[in-house]
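S.K.: I'd like to ask some things about the structure below.
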Amino acid sequence: MNSSRLAIVLIGLAACTVGQGGPAPTGDAAPQGSGGGGGGGGGSNNESPDAATGSNQAAACTGAAYDPCTDNAQCTGGNCKAFGGAGLQVCTVSCTPGDNTTCPTEGGITATCNNMGICKPTAATACSR
């Protein structure tokens, strides 16, 4: 190999190692990159923490209309009704069939009076037993 070819090979090898190792760039010489990131942490927690304990446990059920129940004894009105299609089993009250104004509104929960004269709420009250 002649000396000019050897010089070209050595220069090529030296060029391949430039920029590897050494101190990190500073100031305006900071490396530029590209990429994306993102994310969201949306959500909600509809239960407010209890000020005394700091827990998120729901208030105790009282047996009022639309509180969840498993038997009539848990309801002040003595009427625990399962609404299978809605996936609810709640304390309920009687009403005038077709007249939704005869159903109470409890904690912002509205109800419809069905043809059997029973108030069917849109959801159960958020309480625990």
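The values are calculated or read from the model by the stated rules, or taken from the named source; none is laboratory data. These numbers were taken from a predicted model, which means no experiment stands behind them. When we count neighbours, we look across all protein chains shown, and the Cβ atoms used for this are built from the backbone with ideal geometry, even at glycine.
S.K.: May I ask you to list the residues in the range 96-129 that are more than 13 Å from ALA64 (Cβ to Cβ), outside any loop (DSSP other than H, G, I, E, B) and within 30 Å of the chain's Cα centre (by Cα)?
M.R.: Within the range 96-129, THR112, LYS120, SER128 meet the criteria.
S.K.: Against the definition (in a loop (DSSP other than H, G, I, E, B), at pLDDT 95 or above, touching a strand residue (DSSP E or B) at 6+ places or on another chain (Cβ under 8 Å) and within 19 Å of ARG129 (Cβ to Cβ)), how does GLY63 come out, yes or no? Before the answer, list the steps.
M.R.: Numbers: in a loop (DSSP other than H, G, I, E, B): yes; at pLDDT 95 or above: yes; touching a strand residue (DSSP E or B) at 6+ places or on another chain (Cβ under 8 Å): yes; within 19 Å of ARG129 (Cβ to Cβ): yes.
Spelling it out, GLY63 is indeed in a loop (DSSP other than H, G, I, E, B), at pLDDT 95 or above, touching a strand residue (DSSP E or B) at 6+ places or on another chain (Cβ under 8 Å) and within 19 Å of ARG129 (Cβ to Cβ).
S.K.: Still on this structure, please answer the following. Given the condition surrounded by 12 or more Cβ atoms within 10 Å (Cβ to Cβ) and either hydrophobic (A, V, I, L, M, F, W, C) or at pLDDT below 90 (or both), answer yes or no: does some residue in the range 41-54 qualify? Break it down into steps so the answer makes sense when it comes.
M.R.: Pass one, the range 41-54, residues surrounded by 12 or more Cβ atoms within 10 Å (Cβ to Cβ): 47, 50.
Add one more test, that the residue is either hydrophobic (A, V, I, L, M, F, W, C) or at pLDDT below 90 (or both), and what stays is 47, 50.
Yes, the range 41-54 contains a residue that is surrounded by 12 or more Cβ atoms within 10 Å (Cβ to Cβ) and either hydrophobic (A, V, I, L, M, F, W, C) or at pLDDT below 90 (or both).
S.K.: Determine whether the range 96-110 contains at least one residue that is in contact with a Phe, Trp or Tyr (Cβ under 6 Å, 6 or more places away or on another chain), modelled with pLDDT of 50 or more and charged (D, E, K, R). Explain how you work it out, then say what you get.
M.R.: Quick first cut of the range 96-110, residues in contact with a Phe, Trp or Tyr (Cβ under 6 Å, 6 or more places away or on another chain) only: 106, 109.
So of that shortlist, the ones also modelled with pLDDT of 50 or more come out as 106, 109.
Filter once more, so that each one left must be charged (D, E, K, R): 106.
There is at least one residue in the range 96-110 that is in contact with a Phe, Trp or Tyr (Cβ under 6 Å, 6 or more places away or on another chain), modelled with pLDDT of 50 or more and charged (D, E, K, R).
S.K.: Can you report the number of residues in the range 71-102 which are farther than 24 Å from ALA58 by Cα and in contact with a strand residue (DSSP E or B) (Cβ under 8 Å, 6 or more places away or on another chain)?
M.R.: Here is the first cut: in the range 71-102, the ones farther than 24 Å from ALA58 by Cα are 85, 94-102.
Narrowing the set further to residues that are in contact with a strand residue (DSSP E or B) (Cβ under 8 Å, 6 or more places away or on another chain) leaves 94-100, 102.
Residues that pass the stated criteria total 8.
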